[in-house]
Amino acid sequence: MLQETMKIRIKNDARMLAELVQVANYYSCSVYLEKDGKRINARSLMGMMSLGLPEGEEITVMTDGEREADAMESVRQFLKD
């Protein structure tokens with residue numbers, strides 16, 4: 001299991017959240033985001049929308065399973081761009 005705190009550098013809109021869900025779904029490992037003690041599955045658009053991810057916010061990203069390092073890197077790159 002990998003865990004990393006990251007700062008969000010993307011705007012929080014439905015399109016961007018949907019793209020982040022697609023990034024998470026590309027990998028077979030588990031991908032979770034956590035903010036203020038609330039953990040959600042990054043494969044769930046409804047979960048992502050409920051988390052509320054304003055630009056500049058810090059979140060914890062957790063990946064676990066096959067290709068977890070690749071999934072972490074993809075999420076990191078997505079949140080930066």
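The values are calculated or read from the model by the stated rules, or taken from the named source; none is laboratory data. This one's a predicted model, so the numbers in the text were calculated from it and none came from an experiment. FYI the Cβ positions are ideal-geometry reconstructions off the backbone, even for glycines, and counts take in every protein chain you see. For accessibility, only protein heavy atoms count, side chains too; no ligands or nucleic acids. Shrake-Rupley method; radii C 1.70, N 1.55, O 1.52, S 1.80 Å.
Of the residues screened, Asp13 is one that is open to solvent by 10 Å² or more (accessible area, probe 1.4 Å) and free of Cβ contacts under 8 Å to residues at least 24 places away in the same chain.
Just so you know, in the range 23-53 the residues that are free of Cβ contacts under 8 Å to residues at least 24 places away in the same chain and of a type in the set (S, T, N, Q) include one that is surrounded by the fewest Cβ atoms within 10 Å (Cβ to Cβ), and it is Ser50. Between Leu79, Leu53, Leu33, Leu17, the distinction of being assigned to a loop (DSSP other than H, G, I, E, B) and of a type in the set (A, V, I, L, M) belongs to Leu53 only.
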